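Here the structure is laid out as structure tokens; the discussion comes afterwards.
Rule-based calculations on the coordinates, nothing more; no lab input. Since the model is a prediction, treat every value here as computed from it, not as a measurement. Ideal geometry is used to build each Cβ from the backbone, glycine not excepted, and the neighbour counts take in all protein chains shown.
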Amino acid sequence: MYRNTKEILDKITELKRKRRAIILAHNYQLPEVQDIADFVGDSLELAKKALNVDTDVIVFAGVSFMAEMAAALNPDKIVLHPDPSAGCPLADYATPEVIKKYKEEHPNIPVVLYVNSLAASKILADYVVTSSSASKLIQRIGKDEVLFGPDRNLADHVTKRTGIKVIPLPPYGRCPVHQYLIDEYHLIKALEKHPKAKVLVHPEAPLEVRERADFIGSTSQMLKAVGEMNAEEFILGTEEGLSYRARKLYPNKKVYPLNPRAICIDMKKITPLKILRSLEALKPKVVLDKEVGKKVKEIIERSLDMLR
Ligand code: 13P
Ligand code: SF4
């Protein structure tokens, strides 16, 4: 039994050294997890970082599709996901069965999957994108139409940005946090409190909110925008964890979550104590079928090459 949080944090530091481990964390993680991480970023930054890790162990503080991706990119390393029940409900919409059905119905149309998808689904795609790379990569494919899933709002955002027809796969896939908690009502409420604030929004948010945004981008693109925009106050239309990171990076700016109750409960399942336990026991390990992992790696590398 640990007596205080400092003891837990010190033990994590000690075990990280002993195990030759790195902690990668997503921008929505709890503040105390962000603070002990070696690297914090959005999905694209985390994928790129995972490609260049030289430690023996990766502890992934995020949801399972992210940990799976780190494991696929590092077949010879131990990848730990401190709480395997931390999934992403959005990822579950694009099942392999749904993708196969859409491919049959739309032969010869490229299939692009959002990184928020399961490994078993990714291997059926031609490309995998993140919210920061979707528009650029889809434009570079050079076709008039693509199949894209599972996030319907991101699909709509890409169509609006690029003019390319995006067939949503399936038509009803949405992130519950963004769809229901980053809504028009909470935007109006936040603007009543902070009328001068710039509104930055994640593309997973519904249309009514995206339409009123000053900037739309991935979590790290939103952070960059806070630093670069000539304004003092910002409303962040995404999961509330990003506000902690923005305030830490830019202490001179005022940052408010669009809705402080917009919490991704799965992201918050990772705690320092769970990270410590997994470093102690070297489990739970992310175990991916070798062939599936190899194919996911190929697709991610091919997709990253398209962005160069
Ligand atoms: P980012 O890639 O923008 O960090 O998004 C990940 C995510 O899960 C958004 O809900
Ligand atoms: Fe998935 Fe939404 Fe949570 Fe992001 S915020 S991990 S899309 S449930």
Revision key, fill the gap. Given all pairs of distinct Cα atoms, the chain yields a Kirkwood Rh in Å of 19.8
Exercise for review: Could you work out how far apart the two model spin labels at Thr95 and Ala231 are, taking each label as a point 7 Å from the Cα in the direction of the beta carbon, and quote it in nm?
Suggested key: 4.2
Review point. Once the Cα gyration tensor of segment 109-181 is found, what semi-axes does its equivalent ellipsoid get, as square roots of 5 times the eigenvalues, in whole Å, sorted largest first?
Key: 18, 15, 10
Check your understanding: Placing +1 at every Lys and Arg Cβ and -1 at every Asp and Glu Cβ, with all other atoms neutral, what dipole size does the chain have around its Cα centre, in debye to the nearest 20?
Key -> 640
Review point. What is the chain's relative contact order, in percent, from Cα pairs under 8 angstrom and six or more apart in sequence?
Key: 22
Practice item. Could you point to the residue in Pro260, Leu147, Val158 farthest towards the positive end of the chain's charge dipole, with +1 and -1 charges on the Cβ of Lys/Arg and Asp/Glu respectively? Key: Pro260
Check your understanding: If you place +1 on the Cβ of every Lys and Arg and -1 on the Cβ of every Asp and Glu, how big does the dipole about the Cα centre of segment 165-204 come out, in debye to the nearest 20?
Key -> 140
Exercise for review: Give the Kirkwood hydrodynamic radius (Å, one decimal) of segment 1-82, defined as one over the mean of 1/r across all pairs of different Cα atoms.
Suggested key: 12.9
Check your understanding: In segment 159-176, which residues have a backbone nitrogen under 14 Å from the label point lying 7 Å from Glu145's Cα in the Cα-to-Cβ direction?
Key -> 164-169
Study note, to complete from the structure: Taking only the alpha-carbon positions of segment 238-286 as identical scatterers, the Debye log10 I(q)/I(0) at q = 0.14, 0.16, 0.22 Å⁻¹ comes out as -0.52, -0.62, -0.81
Check your understanding: Of the GluC sites (Glu not before Pro) in segment 232-304, which ones lie in a loop per DSSP and count no more than 14 other C-beta atoms within 10 Å?
Key -> Glu232
Check your understanding: Residue farthest toward the positive end of the dipole of the chain, with Cβ of Lys/Arg at +1 and Asp/Glu at -1: which of Tyr93, Leu73, Ile8?
Key -> Ile8
**Study point:** Cα-Cα over 29 Å, subset of Lys196/Lys248; Lys160/Lys224; Lys48/Lys285; Lys101/Lys143; Lys101/Lys283; Lys48/Lys274
**Key:** Lys101/Lys283
Revision key, fill the gap. The answer for GluC sites (Glu not before Pro) in segment 161-219 that fall in a DSSP coil and have at most 15 neighbouring Cβ atoms within 10 Å is Glu211
**Study point:** Values of log10 I(q)/I(0), in the order q = 0.20 Å⁻¹, for segment 183-304 under a Debye, Cα-only, solvent-free model
**Key:** -1.03
Review point. Based on DSSP H assignment, which helices of the chain show an axial Cα extent of at least 30 Å together with a mean Kyte-Doolittle hydropathy greater than or equal to 0.0?
Key: none
Revision key, fill the gap. Note on the chain, DSSP bridge orientation, antiparallel percent to nearest 5 equals 5
Check your understanding: Among the chymotrypsin sites (Phe, Trp or Tyr not before Pro) within segment 110-215, which fall in a DSSP loop and have no more than 11 other Cβ atoms within 10 Å of their own Cβ?
Key -> Tyr172
Point to revise | Where Rh is the Kirkwood radius over Cα pairs, Rg/Rh for segment 15-128 | key: 1.03
Practice item. Quote the charge dipole size of segment 169-257 about the Cα centre in Debye, to the nearest 20; the model charges only the Cβ of Lys and Arg (+1) and of Asp and Glu (-1). Key: 340
